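What follows is a set of notes on a single structure, which appears directly below.
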């Protein structure tokens, strides 16, 4: 049957493509415009964004400012740096997000030499803490950029936000979306939030699994067991990591020399002559195959 | 019913977005900074409804006299009757582009300062004035063949048009 082409030439001629990053599904331009727009009477003062993005195995936290040439990253912290501080498992959970946010905050403050003035929240984690402006300089201000994540209560981006806040950054926020906020009371339960920051939810899951399905516990948490991390000492592990981060947040440059030959990810474009010779070879191969194989009806078109 | 002379009358095509350029506007318009004294072109962006200037100012160029949170004050010349008034309007940054009208002047300023500094170092005087194009220099025509053209005598028999 004759099927009429649905998308004819006029369709394509009138089609307006969305922006590249929108087509890739990576940038929400509506949010980006509102985050980047700086008051004109502040001229070139940068407006910093605290960017948090999650991949399947990693957490990226960056402090970025926008410019016409491209966004400039002031400092970045990844959760794959946490092994340096002693955390090798569970690199994408709420507690790891908290550690990454904390690491980024301390790193930025150290870079700007503000880390003495703004120590951040050292105890009573879990409560809503905002930086108090010190006498000499105002605190470092950034705006949270979640990207395309659905901002539900207890999302890991807010774990990273809490880490940055406790690290000493000034990020406007409310406690409505922290883990442990109950809609009925309209209050943040600091105990529950503190539990999440120290991996308490992971620990309780470990305990239930150990009782009900020990084999699943062995398979699911095998890496934890290998390192001797159980539900009871999970909190201490995270406490040690927080202390290590506060002690030395500087980034370490990896010594990896550039590869001698640049790796190619796409096929090299052939010249006209190369393409013609390739075609001739292909035709010859087809012809010889056709003459050998009497039944085949391959034609050299 | 008569046509009406509202604020945005007769702007159906003027304020329309160009073909295949609808939707979000590129972010560089928000990232540009403007200083007092800059020259800017006013070009209305129909996608943004706030801070639109009147259609008269579309395509005008003026100087910045004020910078506020989201808008810019531009001083534009408008002819009213028999005089030109300097009108001060406020326009949102989406409807404004930096003007290139004095770009050549600014580049020339920089170049001339450089030339003058170099000349001073060498100790000689130079003039950096622009000169209009002078007459072309004289040249000799080479390899010309002289051809003398004379009229041929009129021949009644052959030259009569339309046949005889």
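The values are calculated or read from the model by the stated rules, or taken from the named source; none is laboratory data. All of these numbers come straight from a predicted model, not from anything done at the bench. Using ideal geometry, Cβ is built from the backbone for each residue, glycine included, and neighbour counts are taken over all protein chains shown.
Against the condition surrounded by 11 or more Cβ atoms within 10 Å (Cβ to Cβ) and touching a residue at least 60 places away in the same chain (Cβ under 8 Å), how does residue A:203 come out, does it pass?
no
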Odd one out for residue B:86 among (1) part of a loop (DSSP other than H, G, I, E, B); (2) more than 14 Å from chain A (Cβ to nearest Cβ):
(1)
Consider residue A:189 against the criteria (1) within 26 Å of residue A:140 (Cβ to Cβ); (2) surrounded by fewer than 20 Cβ atoms within 10 Å (Cβ to Cβ); (3) touching a strand residue (DSSP E or B) at 6+ places or on another chain (Cβ under 7 Å): it satisfies all of them except one. Which criterion is unmet?
(1)
What are the residues in region A:36-53 that are more than 10 Å from every other protein chain (Cβ to nearest Cβ), surrounded by fewer than 19 Cβ atoms within 10 Å (Cβ to Cβ) and outside any loop (DSSP other than H, G, I, E, B), if any?
A:53
Failed criterion for residue A:57 (all others in (1) more than 11 Å from chain B (Cβ to nearest Cβ); (2) surrounded by 11 or more Cβ atoms within 10 Å (Cβ to Cβ); (3) outside any strand (DSSP E or B) hold):
(2)
Selected residue (criterion: nearest to residue B:69 (Cα to Cα)) from residues of region B:26-47 that are within 13 Å of chain A (Cβ to nearest Cβ) and touching a strand residue (DSSP E or B) at 6+ places or on another chain (Cβ under 6 Å)
B:34
For region A:76-124, how many residues meet the condition of being within 30 Å of residue B:32 (Cβ to Cβ), over 14 Å from the mean Cα position of the chain (by Cα) and touching a residue at least 60 places away in the same chain (Cβ under 8 Å)?
1
Looking only at residues in region B:94-116 that are part of a helix (DSSP H, G or I) and within 14 Å of chain A (Cβ to nearest Cβ), which one is nearest to residue B:24 (Cα to Cα)?
B:94
Among the listed residues B:69, B:22, identify the single one that is within 14 Å of chain A (Cβ to nearest Cβ), farther than 29 Å from residue A:46 by Cβ and part of a loop (DSSP other than H, G, I, E, B).
B:22
From the residues in region A:60-72 that are over 25 Å from residue A:179 (Cα atoms) and assigned to a strand (DSSP E or B), which one is nearest to the other protein chains (Cβ to nearest Cβ)?
A:65
What do you reckon, is residue B:91 over 30 Å from residue B:131 (Cβ atoms), part of a strand (DSSP E or B) and within 14 Å of another protein chain (Cβ to nearest Cβ)?
yes
Does region A:73-96 contain at least one residue that is within 14 Å of another protein chain (Cβ to nearest Cβ) and either at pLDDT below 90 or farther than 16 Å from residue A:247 by Cβ (or both)?
no
Selection from region A:1-20 of residues that are away from chain B (no Cβ under 11 Å) and under 22 Å from the mean Cα position of the chain (by Cα):
A:20
Screening A:169, A:188, A:209 for residues that are in contact with a helix residue (DSSP H, G or I) (Cβ under 8 Å, 6 or more places away or on another chain) and at pLDDT below 90 leaves only A:188
Cβ-Cβ below 7 Å, separation at least six or inter-chain, first residue in region A:23-35 and more than 11 Å from chain B (Cβ to nearest Cβ), second loosely packed, with under 10 Cβ neighbours inside 10 Å: which pairs?
A:23/A:17
When you go through (1) over 14 Å from residue B:36 (Cβ atoms); (2) part of a strand (DSSP E or B); (3) over 21 Å from the mean Cα position of the chain (by Cα) one by one for residue B:77, which number turns out not to apply?
(3)
